[in-house]
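Worksheet: the structure to be examined is printed underneath.
The values are calculated or read from the model by the stated rules, or taken from the named source; none is laboratory data. Keep in mind that this is a model prediction, so the values were computed, not measured. All Cβ positions, glycine included, derive from the backbone under ideal geometry; neighbour counts span all protein chains shown.
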Amino acid sequence: MMGPTSAWGELVFRRSHQFETVLSNQMLIEIERVLLYPKVVRKLKSPSAASRSARDAAIAGATIAEVTNVPAICRDPGDDIVLATALAGEAAFILSEDNDLLDMIEYQGIQIVNGMQLLEILRG
């Protein structure tokens with residue numbers, strides 16, 4: 001799904017020490033739900049084991065922000081938890097490939113970027 005030489009691979013495998021991941025319990029539930037999508041399951045050789053590994057990799061070393069309020073902000077209501085988590089976790093960036101988020105450009109001073117944009121920022 002992600003090669004080490006891709007932009008996302010470089011972020012995950014070579015630059016993860018340059019940023020902190022902020023998640024919330026609500027986002028962890030969403031990660032587990034997405035890992036069960038048929039198109040994701042088809043790409044995984046051992047879906048249940050791969051799902052656990054992917055989930056564990058996503059949360060390894062992450063800061064878990066406590067989100068108590070999720071205001072309706074984004075045109076896709078499912079993305080509101082991402083905005084609320086970033087705000088609660090005092091994030092500098094929201095990393096996404098979701099156009100509903102990317103089209104916002106920023107949220108309360110938090111810049112919303114895709115993988116290539118974050119990679120360019122980290123490369124300095």
Item checked: Enumeration of residues in segment 17-31 that are part of a helix (DSSP H, G or I) and loosely packed, with under 14 Cβ neighbours inside 10 Å -> H17, Q18, N25, I29
Checklist line | Residues located in segment 84-99, provided they are surrounded by 15 or more Cβ atoms within 10 Å (Cβ to Cβ) and either in a helix (DSSP H, G or I) or of a type in the set (S, T, Y) (or both) | finding: A84, T85, A86, L87, A88, S96
Check: Does segment 104-118 hold any residues that are in contact (Cβ under 8 Å) with a residue 12 or more places away in the chain and either closer than 15 Å to D80 by Cβ or not in a helix (DSSP H, G or I) (or both), and which are they?
Finding: M104, Y107, Q108, I110, Q111, I112, V113, N114
Next item on the list: Answer with yes or no whether Q108 is polar (S, T, N, Q), on the phi > 0 side of the Ramachandran plot and either at pLDDT 80 or above or surrounded by 13 or more Cβ atoms within 10 Å (Cβ to Cβ) (or both).
Entry: yes
Next item on the list: Sort out which residues of segment 59-77 are part of a helix (DSSP H, G or I) and either under 17 Å from Q111 (Cα atoms) or over 13 Å from the mean Cα position of the chain (by Cα) (or both), and write them in order of number.
Entry: P77
Note to self: Under 7 Å between Cβ atoms, which residue pairs at least 6 apart in sequence (or on different chains) link something in segment 60-80 that is free of Cβ contacts under 8 Å to residues at least 12 places away in the same chain with a partner that is among the small types (G, A, S) and in a loop (DSSP other than H, G, I, E, B)?
What the structure shows: D80/A72
Next item on the list: Select from segment 92-103 the residues that are of a type in the set (A, V, I, L, M, F, W, C) and out of contact with any helix residue (DSSP H, G or I) (no Cβ under 8 Å at 6 or more places or on another chain) and write down the one among them that is nearest to V22 (Cα to Cα).
Entry: A92
Check: If you go through segment 42-55 one residue at a time, do you hit one that is modelled with pLDDT of 95 or more and hydroxyl-bearing (S, T, Y)?
Finding: no
